[in-house]
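Reviewing the structure listed below.
The values are calculated or read from the model by the stated rules, or taken from the named source; none is laboratory data. Note that the structure is predicted; figures quoted are calculated from it, not measured. Cβ placement follows ideal geometry from the backbone for every residue including glycine, while neighbour counts extend to all protein chains displayed. Heads up: the accessible areas ignore ligands, DNA and RNA and are worked out on the full protein's heavy atoms, side chains in. Shrake-Rupley method; radii C 1.70, N 1.55, O 1.52, S 1.80 Å.
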Amino acid sequence: MRSLLVFGLVLLLAGCGEGPASQKADEGLVVYTARKEHLIKPLFDRFTAQTGIPIRYVTDAAGPLLARLQAEGERSRADLLITVDAGNLWQAAEAGVLQPIESEVLTSNIPAALRDAENRWFGLSIRARTIIYSTERVNPLELSTYAALADDKWSGRLCLRTAKKVYNQSLVATMIAARGQEEAEQVVSGWVNNLAAPPFSNDNKVVEAIAAGQCDVGIVNTYYLARMVADEPDLPVTMFWPNQLGEGADGRGVHLNISGVGITRASQHVAEAKQLIEWLSGANAQLQLALLNQEYPVNPSVSLPEPLKRWGEFKGDDIPIAEAGRLQGEAIRLMDRAGYR
Ligand code: FE
């Protein structure tokens, strides 16, 4: 299906006149996106309606899209790469497939911590990874920080997703940045000792295990719980915002990650690609982008829409999220030593 779509694209491009006066099919943008179609297509449609710039896209997982950009090199038709997790964006920048762009709109709409220092990628939405707990068996006053989930009192009561997921690698990477490697390793070892079950394959299963009584606390991205509560309002699981109080690492705030975008090095449509990213960082698109997946706007001028407000305001970690990429390898090795699989 995917290759058919691309094949069709190539035919379309080949079938068009190359004369300077003709409307060339390649005047539109091509996006490689690891975001699912239903989360991104409504925005592309609105951008096209407002600007007349058509957008074609290919969806796949982040790894294959990056491999493809590398294989295609300068011949790539892709103008933009959209993916989730700063770890993935960092890898793409390191692989040399993205180009830096200068934009005052982007530097004013997107906080510095949520974009690349060299402007090769920009956050589009915030994904907060937080603590969740059983409303039946946990008093939220017992909760404080991610690190405190290593305490003995949570023995046999903690559920986590697999360490193979980049979300947890980024969480641990930023913990290394905040606490140093030694302390971070003690925390992760403590988590492993407290596990009620082997790590799960996805965040939904962590929520379900707490609802079912298999464990009492866990760590997930907020949109998973938000979506499940929207379907089942009586779900006995809710969110806790950790690391809100105290000095240093204890008060660093909730771990934030992003979905984000960069312009490919091969792009022949840099001005239009930049226009799309600037448009996505603006107030209207930010609101819709957040609502489509119950994520949070990166643009601080956008106030929280209603379904997100119910979880309350929180302080987010303001560490440059690029650190999650830089320390990813160290985080993976640390989790492995600690027995977190
Ligand atoms: Fe996810």
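So the values come out like this:
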quantity	calculated
Long-range neighbours under 7 Å by Cβ, at least six apart or interchain, first residue in contact (Cβ under 8 Å) with a residue 24 or more places away in the chain within segment 277-304, second among the charged types (D, E, K, R)	Gln294/Arg227; Glu295/Arg127
Strands (runs of 3 or more DSSP E) within segment 217-307 that include 1 or more residues in the same structural domain as Leu80 (by TED's automatic domain parsing)	255-264
Segment 135-153 - residue that is part of a loop (DSSP other than H, G, I, E, B) and open to solvent by less than 20 Å² (accessible area, probe 1.4 Å) and, of those, farthest from Gly253 (Cα to Cα)	Val138
Close pairs (7 angstrom Cβ cut-off, 6 or more residues apart or separate chains): of a type in the set (Val, Ile, Thr) in segment 330-341, in a helix (DSSP H, G or I) anywhere	Ile332/Gln169
Residue within segment 227-238 that is of a type in the set (Val, Ile, Thr) and more than 25 Å from Ser259 (Cβ to Cβ) present	no
Complete set of residues in segment 33-56 that are of a type in the set (Ser, Thr, Tyr) and either over 19 Å from Ile258 (Cβ atoms) or touching a residue at least 60 places away in the same chain (Cβ under 8 Å) (or both)	Thr48, Thr51
Residue within segment 170-190 that is within 16 Å of the ligand (Cβ to nearest atom), part of a helix (DSSP H, G or I), open to solvent by less than 20 Å² (accessible area, probe 1.4 Å) and at pLDDT 95 or above present	yes
Positions within segment 154-169 being part of a loop (DSSP other than H, G, I, E, B) and either more than 16 Å from the ligand (Cβ to nearest atom) or under 13 Å from Asn194 (Cβ atoms) (or both), in sequence order	Ser155, Gly156, Arg157, Leu160
Residues being within 16 Å of the ligand (Cβ to nearest atom) and open to solvent by 10 Å² or more (accessible area, probe 1.4 Å) - total across segment 86-126	2
Failed item in (1) buried (at least 19 other Cβ atoms within 10 Å of the Cβ); (2) β-branched (Val, Ile, Thr); (3) under 22 Å from the mean Cα position of the chain (by Cα), with Thr162 passing the rest	(1)
Qualifying residue in segment 203-217 (condition: within 16 Å of the ligand (Cβ to nearest atom), in contact (Cβ under 8 Å) with a residue 40 or more places away in the chain, closer than 22 Å to Arg341 by Cα and open to solvent by 20 Å² or more (accessible area, probe 1.4 Å))	yes
Some residue of segment 66-77 being farther than 19 Å from Gly28 by Cβ, within 20 Å of the chain's Cα centre (by Cα), within 16 Å of the ligand (Cβ to nearest atom) and assigned by TED's automatic domain parsing to the domain that holds Ala266	no
Output for segment 64-86, where each listed residue is in contact (Cβ under 8 Å) with a residue 12 or more places away in the chain and in a helix (DSSP H, G or I)	Leu65, Leu66, Arg68, Leu69, Gln70, Glu72, Gly73, Glu74, Arg75, Ala86
Some residue of segment 228-248 being modelled with pLDDT of 95 or more, within 16 Å of the ligand (Cβ to nearest atom) and not β-branched (Val, Ile, Thr)	yes
